[in-house]
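**Student:** I have a structure here, written as structure tokens, and I will follow up with some questions on it.
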Amino acid sequence: MVIEATTIQAVQDFANKPLKNNKDIIISSVGAFKDSEITYKLTKTALNNNKQIYIPSGAIGGLDYDTISKFPGRAKKSITYFY
């Protein structure tokens, strides 16, 4: 199982590789599926390799904020994303 939690561009560039290498994938950058070409490409690869693409519902990014809020004594809460 591979979990993508980066960017739409990363989905377009890299999400096909795990499927080709016999891995299921969770794609959290669901906006990537707005592009019908990438949707077709990933779906075809998953079907050909008998693999699953999981698309989580809801605001997954909110889990990061929830986790940070549990650190006591922090005056300022922040998240930095690296792309």
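The values are calculated or read from the model by the stated rules, or taken from the named source; none is laboratory data. What you see is a predicted model; the values in this text were computed from it and never measured. With ideal geometry, Cβ positions are generated from the backbone for all residues, glycine too; neighbour counts draw on all protein chains shown.
**Student:** Return the total of residues in segment 40-57 being free of Cβ contacts under 8 Å to residues at least 12 places away in the same chain, within 19 Å of I3 (Cβ to Cβ) and assigned to a helix (DSSP H, G or I). Lay out the reasoning, then the answer.
**Tutor:** Let us first name the residues in segment 40-57 that are free of Cβ contacts under 8 Å to residues at least 12 places away in the same chain, namely 40, 43-44, 47-48, 50, 57.
From what's left, within 19 Å of I3 (Cβ to Cβ): 43, 57.
Keeping just the survivors that are assigned to a helix (DSSP H, G or I) gives 43.
Total satisfying the criteria: 1.
**Student:** Being out of contact with any strand residue (DSSP E or B) (no Cβ under 7 Å at 6 or more places or on another chain), part of a loop (DSSP other than H, G, I, E, B) and within 14 Å of I53 (Cα to Cα) is the filter here; which residues of segment 2-23 pass it?
**Tutor:** Restricting attention to segment 2-23, the residues satisfying the condition of being out of contact with any strand residue (DSSP E or B) (no Cβ under 7 Å at 6 or more places or on another chain) are 5-9, 12-14, 16-17, 20-22.
With the extra rule that they be part of a loop (DSSP other than H, G, I, E, B), the set shrinks to 5-7, 21-22.
Passing the criteria: A5, N21, N22.
**Student:** Hey, could you check segment 27-39 for residues that are part of a helix (DSSP H, G or I) and small (G, A, S) and say which is modelled with the highest pLDDT?
**Tutor:** Pass one, segment 27-39, residues part of a helix (DSSP H, G or I): 30-34, 36-39.
Restricting the remaining residues to those that are small (G, A, S) gives 31-32, 36.
Working: G31: 84, A32: 87, S36: 90.
Of everything passing the filter in segment 27-39, S36 is modelled with the highest pLDDT.
**Student:** I've got another one for you. Name the pairs: first residue in segment 1-30 and closer than 13 Å to L47 by Cα, second residue of a type in the set (S, T, Y) and modelled with pLDDT of 95 or more, Cβ to Cβ under 7 Å, at least 6 apart or on different chains?
**Tutor:** Pairs that qualify, where the first residue is closer than 13 Å to L47 by Cα and the partner is of a type in the set (S, T, Y) and modelled with pLDDT of 95 or more, are N16/T45; L19/T45; K20/T45.
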